[in-house]
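Each remark here refers to the structure printed beneath this line.
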Amino acid sequence: MRFRATLLACFFLFATVLSAQTISTSQIRGTVQDASGGAVPGAQVKLTQTATGAVRTTATGADGSYTLPDLSVGSYTLEVSKEGFTKYLQTGLELQVGVNPTIDVALKVGEMTQEVQVEAEAGMVETQSPGVGQVISPQQVQDLPLNGRQLTDLLYLSGGVAQGRTFRASYPSVTSPSIAGGAQGSVAYWLDGGTHNDPLSNQNLPLPFPDTVEEFKVETSSLPAQYGTHPSGTVNVVTKSGTNAFHGNAFEYLRNYIFDSKNTGFAAAVPTPTTPSAAFRDPLKRNQFGGTLGGPIQKDKLFFFVGWQETIQRSSYPAAPVSLPTAAMLAGDFTGYNTLCDRGLLSLGAPGSPYVGNQTNPANFSPIIMALESHLPVPTNPCGTYNFQAPANYTENQGLARIDYHLSNGNTIFGRYFITNLVAPPGSPNLPAGQGGLLIAAIDGQFDRVQSLTLGDTYLFGSSTVNSIRVTGNRSYNLTVQNSTFDLAALFAAAGVTPGDIYQLGSPRAPKFPKYMPNFQTGVGLFGLFNSTPSIQPYDTIEISDDLSLTRGAHQVSFGVEFINLRAFATNYLLNQGSFTFDGSRTSSGPPGTQVSLSDYLLGWTNNGAGFSQDAPIPSIQRQNIFALYAQDAWKITRRVTVTAG
């Protein structure tokens, strides 16, 4: 019984539940006392947001305590007054997202016309929340160098956050941190109090660029009840809003290889009388430009904030190898491969094979393969390894717009819309064979669009009851972009072979995708010559949440409800075009491990085990509903002891 009682006490003292508040806000609480330390009941507490003039008021209870929940982040002025005491004024209070400082006030006896002014300390100690986390401040967001200006890079400034492995990402800029040892994909992301997780992978949807973000917080353990749908940490981002003064900026960030020095970190980069320098520059060219603007539409009432960023990148990925026949191989001669690449182990001449002494008449080669080879480069490497660089070109634009409307001191609403588009074109479709030809034209591109809309309404029922509603809708759309290439039916026709009933993409089967060459797995490289993963993936998220906070004497009671609807309407065509596999086993008379796949490839002989594979379209029609409730009570037993349970 003693053990159970101890566990129960630990639950009440250390439960991972915070004082009630919506996710994207802050709150303050404290006690008003006189010079002797006695409680001052009935004191008027007034909190004014510096940037917008928004005012929140309350009165202290019988024990002198007060609470102001659901406050927007930003700078505030605190004013406390009571008949018979001098007025207390504290300026420069900086409230951060998810941080709930305790601000105790000591009033001095005197006239209300007298005033005691206090400048807030730079940092205020969090004494209410049992959670562990770190706020990334506006100055850090703006001033820290970020390669590519990706806000998610700042997550790793927080303790307990480590780099995880990104998987099944539906957008290039997603990240997958491991927080406090938790699994990847178990982190909750919130943007202005609305859910911001990708339904495909449970990683983050793209976040706005730094100039539009006020601040964000990473919580690593002892999470509040609002985050109950995810077992690991949380990332809580708040966007900027307009104020009573116009403010904005314009920016241009440029990276270009012409500004870089040459890489001389290897011996071949040192010029000699007979060899020129092999030093090179990184081919990256990236331009990021845009701006923001915010201000009043109606002073003290209606505010706007907008921002736009464009990113243009031109670069290439590191070279990737594939296996293609050399000029000697195309002439039927593999003897050079035998002496230079296989240390004399290659032995072509399996029963039924046309090879003798690692040579054959080119007339034995498949006309279909020879027609394909006319669209492909011929490597100079004697082993048939051809290295090529896929383009890493894309254009991305992000836009954000936010409206805040203070209907009264007791009612505030806001709306925020965020959109990001990314277009990565496929490989160039018109290169000659010597410059990559079909190998480059078959490289996939992509089109990604993510949209997020959040509406919020915070309403005060008197000074001790606050209700906050959030409605969020997210939509992501991912489409593989391809060139119309030389497809299998055209390849058969070029070879003078009558094609049979060949299943190919394109209209009417898959109108979003053009006709496309199947894959040919010829040896070196993981994915073959024409690896492609065409897919169309739209995902929708709808969330409705409501939080109610009631202050009753020493108790701050809160209730919350959340509903999330997830929908997916994806179709994947991963192997719809088919894939031919060659391993050299049908022409080699040597033991396993001594074959060369190109000897089978030129004959058009696929391997015996899985020479050809093809899948049907894979639809993914999914719906999921998540419903959650919470209740909690923060009971201030004494001035120094508060028990939070829920």
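The values are calculated or read from the model by the stated rules, or taken from the named source; none is laboratory data. In this text the structure is predicted, and so the values were computed from the model without any measurement. Methodologically, a virtual Cβ is constructed for each residue, glycine included, from the backbone with ideal geometry; neighbour enumeration extends over all protein chains shown. Quick note on the areas: whole protein, heavy atoms, side chains included, nothing else; ligands and nucleic acids left out. Shrake-Rupley method; radii C 1.70, N 1.55, O 1.52, S 1.80 Å.
Numerical summary
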quantity	calculated
Failed criterion for V561 (all others in (1) assigned to a loop (DSSP other than H, G, I, E, B); (2) of a type in the set (V, I, T); (3) open to solvent by 40 Å² or more (accessible area, probe 1.4 Å) hold)	(1)
Of residues in the stretch 327-346 being touching a Phe, Trp or Tyr at 6+ places or on another chain (Cβ under 8 Å) and in a loop (DSSP other than H, G, I, E, B), the one surrounded by the most Cβ atoms within 10 Å (Cβ to Cβ)	F334
Residue count, the stretch 393-424 (criterion: hydroxyl-bearing (S, T, Y) and crowded, with 19+ Cβ neighbours inside 10 Å)	3
Within the stretch 510-535, considering residues that are under 30 Å from R567 (Cβ atoms) and among the polar types (S, T, N, Q), the one surrounded by the most Cβ atoms within 10 Å (Cβ to Cβ)	S532
Residue ID - nearest to Y405 (Cα to Cα), chosen from residues in the stretch 192-216 that are open to solvent by 20 Å² or more (accessible area, probe 1.4 Å), at pLDDT below 85 and out of contact with any Leu (no Cβ under 6 Å at 6 or more places or on another chain)	N202
Residue match in the stretch 350-361 (condition: among the hydrophobic types (A, V, I, L, M, F, W, C), in contact (Cβ under 8 Å) with a residue 12 or more places away in the chain and in contact with a Phe, Trp or Tyr (Cβ under 7 Å, 6 or more places away or on another chain))	no
Looking only at the stretch 52-81, and only at residues there that are closer than 19 Å to D404 by Cβ and assigned to a loop (DSSP other than H, G, I, E, B), the one that is most open to solvent (accessible area, probe 1.4 Å)	S72
Among the residues listed as L460, L479, the single one being closer than 30 Å to I542 by Cβ, open to solvent by 20 Å² or more (accessible area, probe 1.4 Å) and modelled with pLDDT under 85	L460
Test for P538: is it open to solvent by 10 Å² or more (accessible area, probe 1.4 Å), at pLDDT 75 or above and under 30 Å from S452 (Cα atoms)	yes
For R314: the one exception among (1) under 23 Å from G437 (Cβ atoms); (2) more than 40 Å from the chain's Cα centre (by Cα)	(2)
Residue selected from the stretch 301-358 under the condition in contact with a helix residue (DSSP H, G or I) (Cβ under 7 Å, 6 or more places away or on another chain) and among the polar types (S, T, N, Q), by the criterion farthest from T380 (Cα to Cα)	N358
Residue ID - surrounded by the fewest Cβ atoms within 10 Å (Cβ to Cβ), chosen from residues in the stretch 380-391 that are in contact with a helix residue (DSSP H, G or I) (Cβ under 9 Å, 6 or more places away or on another chain) and hydroxyl-bearing (S, T, Y)	T380
Number of the exception - G553 against (1) open to solvent by 20 Å² or more (accessible area, probe 1.4 Å); (2) within 30 Å of Y477 (Cβ to Cβ)	(2)
Residues satisfying the stated conditions in the stretch 23-39, i.e. of a type in the set (A, V, I, L, M) and either under 22 Å from V97 (Cβ atoms) or out of contact with any Ser or Thr (no Cβ under 6 Å at 6 or more places or on another chain) (or both)	I23, I28, A35, A39
Residue that is modelled with the highest pLDDT [pool: residues in the stretch 94-148 that are under 30 Å from F289 (Cα atoms) and open to solvent by less than 20 Å² (accessible area, probe 1.4 Å)]	G148
Those residues of the stretch 176-188 which are crowded, with 21+ Cβ neighbours inside 10 Å and either in contact with a Phe, Trp or Tyr (Cβ under 6 Å, 6 or more places away or on another chain) or over 25 Å from N572 (Cβ atoms) (or both), in sequence order	P177, I179, V187, A188
Unmet requirement for G349, which otherwise passes all of (1) among the small types (G, A, S); (2) in contact with a Ser or Thr (Cβ under 6 Å, 6 or more places away or on another chain); (3) open to solvent by less than 20 Å² (accessible area, probe 1.4 Å)	(3)
Residue in the stretch 627-635 that is more than 30 Å from A59 (Cβ to Cβ), in contact with a Leu (Cβ under 8 Å, 6 or more places away or on another chain) and at pLDDT 85 or above present	no
Any hit, the stretch 392-402, residues being under 30 Å from E252 (Cβ atoms), in contact with a helix residue (DSSP H, G or I) (Cβ under 7 Å, 6 or more places away or on another chain) and touching a residue at least 24 places away in the same chain (Cβ under 8 Å)	yes
Whichever residue in the stretch 541-550 is open to solvent by less than 10 Å² (accessible area, probe 1.4 Å) and at pLDDT 85 or above and, among such residues, is farthest from S620 (Cα to Cα)	E543
Residue that is farthest from S408 (Cα to Cα), among those in the stretch 25-51 that are buried (at least 22 other Cβ atoms within 10 Å of the Cβ) and either over 45 Å from the mean Cα position of the chain (by Cα) or among the β-branched types (V, I, T) (or both)	V32
